[in-house]
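Here's the structure we're looking at; comments come further down.
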Amino acid sequence: MSETKVETIDVKVVRKTKEADGIVSFKLQAANGKPLASFSAGSHIDVHVPGGIVRQYSLCNDPHDSSHYQIAVLRDPASRGGSLGMHEQVNQGDVIKISQPKNQFPLVPAERSLLLAGGIGITPILCMAERLTRIGARFKMHYCSRSAERTAFVDRIKASAFASHAQFHFDDAGSEQKLDLPAILKKAGKETHIYVCGPTGFIEHVVATAKELGVGEEFVHFEYFGAKQADTTGDTAFEVKIASTGACYQIPAGKTVVAILEEQGISIPISCEQGVCGTCITRILDGVPDHRDMYFMDNEKAQNDQFTPCCSRAKSTSLTLDL
């Protein structure tokens, strides 16, 4: 089976800026000088980081202006090479490869929206605030961070047309400004669409609180930047069957489906390798997957008709894949 070709474009880093402690932004323009593709609020691009790593970063500039793309990257001490590569090896003047914009975290038409950002999760939220302001929509934005020094885009937000809709919350500041999530959600009302992005714990807190208050799942939208480390101590081997050829392969404990199939010349497009982005989603024709992703909603996982082979495994002894 031939390798899947992923289309990329070359962009030049025309500016690299320190936005806060541990956070830098990159302004990207097409290397050939042509206009970049338009994008919608909530979009991201796959960035090919030096060293052969591909990572996803949300676009945080105003989606009305596609003369350039802007991304921001948090320097993560536990980085697997992505954030460190961006901070240390990508500089102003460099040309790097990216994908066209993709959107798995879109805004939906609504009378009211509530934007909740935790740390570097501000990037897609900022883009959404720009869009909602441009169309005159009703919304509020709450931005939580450890401290003012670690908070990116403060000046940009304070100088923006939506400054009056935005509120900052710092972990190291007084209790009077801390995020009172239950109160905020109650005030927003059950018909308000909620968008949340940030660390896993932050998102889970918002999702759980919204559920406790009776907010419907369809009103809560989220995007993870990283997945929690899965418990792999009980992992066992299972078989994967390729529907188009009938070939079967053993997936041992400690190895992913993507890795084993790659060894056999069967390439599945991947990006985050954590079950966050959805790039590698593959249809299942038979068998029961062990979902370990952060991408599918609970009702989607229950259908057991697709999974993320970059991290998910099998509950059954075999899986037949639509490959």
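Structure notes:
- Note on the chain: antiparallel DSSP beta bridges, both residues inside, total approximately 60 percent of the bridges counted.
- A straight chain from Met297 to Arg146 at 0.36 nm per residue would run longer than the Cα-Cα distance by 51.5 nm.
- Residues listed by number, region 21-52, amide nitrogen under 18 Å from Asp10 label point at 7 Å toward C-beta: 28-37, 47-52
- Value of relative contact order over region 1-106, rounded to a whole percent, pairs C-alpha under 8 Å and six or more apart: 37
- The Cα center of region 116-181 and the Cα center of region 41-102 differ in position by 21 Å.
- Within region 172-281, GluC sites (Glu not before Pro) in DSSP loop having at most 12 other beta-carbon neighbours inside 10 Å: Glu191
- Where labels lie 7 Å past Cα in the beta-carbon direction, separation of Cys248 and Gln104 in nm: 3.1
- Between Asp76 and Glu176, residue separation times 0.36 nm minus the direct Cα-Cα distance comes to 33.0 nm.
- Each label was represented as a point 7 Å from its Cα along the Cα-to-Cβ direction; for Glu239 and Glu263 these points are 1.8 nm apart.
- Cα gyration tensor shape for region 22-137, rounded if a/c is under 1.5, else prolate or oblate: oblate
- Scaled against 2.2 N^0.38 Å for its residue count N, the alpha carbon radius of gyration of region 112-224 is 0.99.
- Length-normalised contact order for region 238-321 - Cα pairs under 8 Å, 6+ apart - percent: 37
Readers should treat all values here as calculations from the given coordinates under stated rules, not as data from a laboratory. Quick caveat, the model's predicted, so the values are computed rather than measured. Cβ coordinates were reconstructed from backbone atoms using ideal geometry, including for glycine residues, and neighbour counts include every protein chain displayed.
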